[in-house]
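Input: a single structure, listed below in structure tokens.
The values are calculated or read from the model by the stated rules, or taken from the named source; none is laboratory data. The model shown is predicted, which means the values in this text are computed figures rather than measured ones. With ideal geometry, Cβ positions are generated from the backbone for all residues, glycine too; neighbour counts draw on all protein chains shown. All accessible areas refer to the heavy atoms of the entire protein, side chains included, with ligands and DNA or RNA removed. Shrake-Rupley method; radii C 1.70, N 1.55, O 1.52, S 1.80 Å.
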Amino acid sequence: MAETDTLLDTAFRAYNQNQFETAEEIVRNVLTIAPTNGDALYLLGLIAYRSNALEPAEKLLYEAVKLYPDMSQYALALAGVLQKAGRLDEALSFYEKYKQNPLVLSQIGYIYLQKGQNDFAKRAFDEALKEDETCLNAKIGQGLLARQEGRNEE
């Protein structure tokens, strides 16, 4: 197991340095050793997402979530992929589990904006700011909502 941990650390470092090909190669090697490694599935899903390959990203992240349902970062990454793919209700179902997080509440607000449900969007942005009054995503969301409703002076 220590070998896969070391490889994954290297892969995450490569990913964070925008060396996606290197990260992908390492992660694929990890998956040959440990095909159900959640971090490897997650990172490969992130790499696919960065390449705008939403279908493979979704498949990999669903697998990671299925294997490790308590790993919030897997579920939240999957929600982001679903949101980008326009599958808003599915994305909401994952975000709803983590509503105590102001960034998640902001994403919920953005989904409601996309759906034209401004009252729900406002509530989500307000809740995010109650959790963290400095949450920039929620403040931007409130600004978008105000502009959408013709309240440009706000």
field: Mean separation of Cα contacts under 8 Å, 6 or more apart, over the residue count of the chain: relative contact order %
entry: 12
field: Local electrostatic count, residue 64, Cβ distance below 13 Å [Lys/Arg +1, Asp/Glu -1]
entry: -2
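Where does each of 122, 66 land when they are ordered by accessible area, with a 1.4 Å probe and the largest first?
Numbers: 122 105, 66 145 Å².
Ranked list, largest accessible area first: 66, 122.
Among the listed pairs 66/122; 66/115; 99/122, give every one whose C-alpha distance is greater than 23 Å. Show your work: numbers first, answer last.
On the way: 66/122 32 Å; 66/115 27 Å; 99/122 14 Å.
Over 23 Å Cα-Cα: 66/122; 66/115.
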message: Quick check: convex hull of the Cα atoms in the chain, volume per residue, rounded to a whole Å³?
response: 124
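Give me the percent of accessible area attributable to carbon and sulfur for the stretch 1-95, probe 1.4 angstrom. Working shown, then result.
Details: 2570 of 5130 Å².
Using a 1.4 Å probe with all protein chains present, the stretch 1-95 comes out at 50 percent carbon and sulfur.
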statement: Taking every other residue with Cβ under 10 Å from the Cβ of residue 49 and scoring Lys and Arg +1, Asp and Glu -1, one gets +1
- prompt: With θ set to phi - 60° and the Karplus curve 6.51 cos²θ - 1.76 cosθ + 1.60, what are the ³J(HN,Hα) couplings of the stretch 23-40 in order, to the nearest whole Hz, using x for Gly and Pro?
  reply: 4, 5, 4, 5, 5, 4, 5, 4, 5, 6, 7, 9, x, 10, 6, x, 5, 5
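Suppose all protein chains stay in the model; what accessible area per residue would a 1.4 Å probe give for the chain, in Å²?
On the way: 8850 Å² over 154 residues.
Computed with neighbouring chains in place, this is 57 Å² per residue.
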message: I need the phi-derived Karplus couplings for the stretch 67-78: 6.51 cos²θ - 1.76 cosθ + 1.60, θ = phi - 60°, integer Hz, Gly and Pro marked x.
response: 6, 9, x, 8, 8, 4, 5, 5, 5, 6, 5, 4
- prompt: Quick one: Karplus J couplings for the stretch 85-98, per residue in order, coefficients 6.51, -1.76, 1.60, θ = phi - 60°, nearest Hz, x for Gly and Pro?
  reply: 7, x, 9, 5, 5, 5, 4, 4, 4, 7, 4, 4, 6, 10
task: Compute the long axis of helix 118-131 from its Cα atoms, compare it with the longest principal axis of the Cα atoms of the chain, and write down the angle in degrees, 0 to 90, nearest 10.
output: 70
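Rounded, prolate or oblate: which fits the stretch 49-99, taking a ≥ b ≥ c as square roots of the Cα gyration tensor eigenvalues, rounded meaning a/c under 1.5, else prolate when a/b beats b/c?
Details: a/c = 2.04, a/b = 1.18, b/c = 1.73.
Oblate, since a/c reaches 1.5 and b/c is not below a/b.
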